[in-house]
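Participant: Quick one: structure below, then a few questions.
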Amino acid sequence: MIEALAGPEAGGVEDLTASDLLALARDQRIAEDMAAAQLLVTAARWADLHPPESIHSAAAFTVPGSEHEEPIAGEGAPLVAEFCLAELGGVLGTSTTAAKKLVGHALELRHRLPRLWALVLAGRVPAWRARLVAERTIHATPALTPEAAGFVDAQVAAVAGKVGPAQLDRLVAEAIKRFDLAEADPAADPEDGYLSVDPRHVTIHDEDVHFAGTMRLEAELDIADAVDLDRALAHGAAMLKALGSDAPLGARRSAALGDLARTQTALDLHASGQGSPRDADGLPVAREVVLHAHFDAGFAGEATVFGPTGRMEERRRLVLLDEVKDWCADSRTKVTIKPVIDLNAQLHTDAYEVPDRIREQVVLRDRTCVFPWCTRPARGCDVDHVIEHDHDAAAEGRPQPGPTATWNLACLCRFHHRLKTHTAWTYRMTEPGVFEWTSPHGHRYRRDQTGSSPVDPAEPPDPPGIPRPRRPRGPRRR
């Protein structure tokens, strides 16, 4: 669309006056809001096509791990057959979790927040604002009844959805109080509904990592705890300055908070002489935190040379070698260096169970679940046989079609492992670490270490190398 507008036929936006540009921007924003609203309608209709009855009519018997009904919105909204969400996520280019949230918001709005839903369809409330309300009413604690959700709906619709997070929390708290949803608490003030929702939290925003290797932390503390923490950070910053640090005050307070995370939590145990093991200086060891950092290594003569940048497995983020050196400089940090694993080697075993050495190789190769757009870390996934392992092959004297070998193994989170086992989704490994998936509706997706992308239907399929997996024949392990 941008290229078309800039083309000679359209004259390009360069030829528009200031007033025309403002009008164009307004029209584009209106079109964007309308498209987002229609996507919610489509998501709700997709749920309508996949009710729980579609599971029971398609399955002659219940198999452990097979599809079940999914409550993805609040009480009073319809249930959905869970596996349909993966197909929707695929065509939208999002994870199954994001598709589940989209459908959940659509059902919550249509069935429990009908006034707000009508405003969205009329273009008076943008879809993103309505989805914020739906997210809050779906996950309220305790859960909102349809009547309580209706109360929130009426209040929000009266102001055309223009409520901030704090106002929304107060509305939900008032609904909980008004409809007697919270369990009785003798210590609670019955006149204060807002305080029945505890606002305290500590959130580390790990989705936005600064190029300098920092993360943002946000917290809501008890007043006494906040004052104590402020004093501790001020003392820690002063100590660092006295020890020669020339960093600005904010950086020293940040470093002091990191010191608290490593040592402060165990001071009571140290005073009592119980609990955790001691260092040589008698202080308790810091709480153990395991991070997996991967660096490419080479050789210069007999010396091992590491690349300047690597990958942190837990957050799937870039990590600098200098950062790791700084961590290791702390005498209370334990560092373990594991042997180099060749990701291109073809390992195999005659057994069905995947040994640790092969599992580690597959985890490092795949990094995440290999289903399109899934970001679950591979270390917490199942290792799946791409081509089904035949447990009767050896006993019947037949060659094993699905061996436990590097070329036939992939990391799948438990949900997508179940999806592959019990539905018509299929996939194959076209080259090491590269997978092509085909959905029940015939959509094809490619997943490699750079991410996921749809496969152009006009493109010819990859040359056959690894045969496609066979359809599952029942509740066998895979």
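Only the coordinates and a few stated rules stand behind these numbers; no lab work does. Values in this document were obtained by computation on a predicted structure and should not be read as measured data. Neighbour counts run over all protein chains shown; Cβ positions are idealised from the backbone, glycine included.
Participant: Rounded to the nearest 0.05, what FRET efficiency do His443 and Thr97 give with R0 = 30 Å and r taken as the Cβ-Cβ distance? Could you check? It would help to have the intermediate numbers written out before the result.
Facilitator: Details: r = 19 Å, r/R0 = 0.62.
FRET efficiency, His443 to Thr97: 0.95.
Participant: Another question, then. Please give the contour-minus-distance gain from Asp392 to Ile341: 0.36 nm per residue of separation, less the Cα-Cα distance, rounded to one decimal in nm.
Facilitator: Length gained, Asp392 through Ile341: 15.2 nm.
Participant: Taking 60 Å as R0, compute the FRET efficiency from the Cβ-Cβ separation of Glu147 and Val305 and round it to 0.05. Please list the in-between numbers first.
Facilitator: On the way: r = 67 Å, r/R0 = 1.12.
Given R0 = 60 Å and the Cβ-Cβ separation, E is 0.35.
Participant: Provide the FRET efficiency to the nearest 0.05 for the Val13-Thr450 pair, computing r from the beta carbons and using R0 = 30 Å. If you can, show how the numbers build up before the last one.
Facilitator: On the way: r = 32 Å, r/R0 = 1.07.
Plugging the Cβ-Cβ distance into 1/(1 + (r/R0)^6) gives 0.40.
Participant: While we're on this one: Give the shape of region 108-178 as rounded, prolate or oblate, defined through the alpha-carbon gyration tensor: a ≥ b ≥ c are the square roots of its eigenvalues, a/c under 1.5 means rounded, and otherwise the shape is prolate if a/b is larger than b/c and oblate if not. If you can, show how the numbers build up before the last one.
Facilitator: Numbers: a/c = 1.80, a/b = 1.50, b/c = 1.19.
It comes out prolate by the Cα gyration axes.
Participant: Under the classification rounded if a/c is under 1.5, otherwise prolate if a/b is larger than b/c and oblate if not, where does region 21-199 fall, given a ≥ b ≥ c as square roots of the Cα gyration tensor eigenvalues?
Facilitator: Values: a/c = 2.39, a/b = 1.12, b/c = 2.13.
Oblate, since a/c reaches 1.5 and b/c is not below a/b.
Participant: To continue, here is another question. For Thr349 and Arg26 in the same chain, what is the full-extension length gain: residue separation times 0.36 nm, less their Cα-Cα distance, in nm?
Facilitator: On the way: separation 323, 0.36 × 323 = 116.28 nm, distance 6.21 nm.
Full-extension gain reported as 110.1 nm.
Participant: Okay, moving on. Taking the number of other C-beta atoms within 10 Å as the exposure measure, put Ile176, Ile223, Ile358 in order starting with the fewest.
Facilitator: So the residues, fewest neighbours to most, are Ile223, Ile358, Ile176.
Participant: Another question, then. Treat each spin label as a single point 7 Å out from the Cα along the C-beta direction, and report the Leu260 to Asp48 distance in nm.
Facilitator: 5.3 nm
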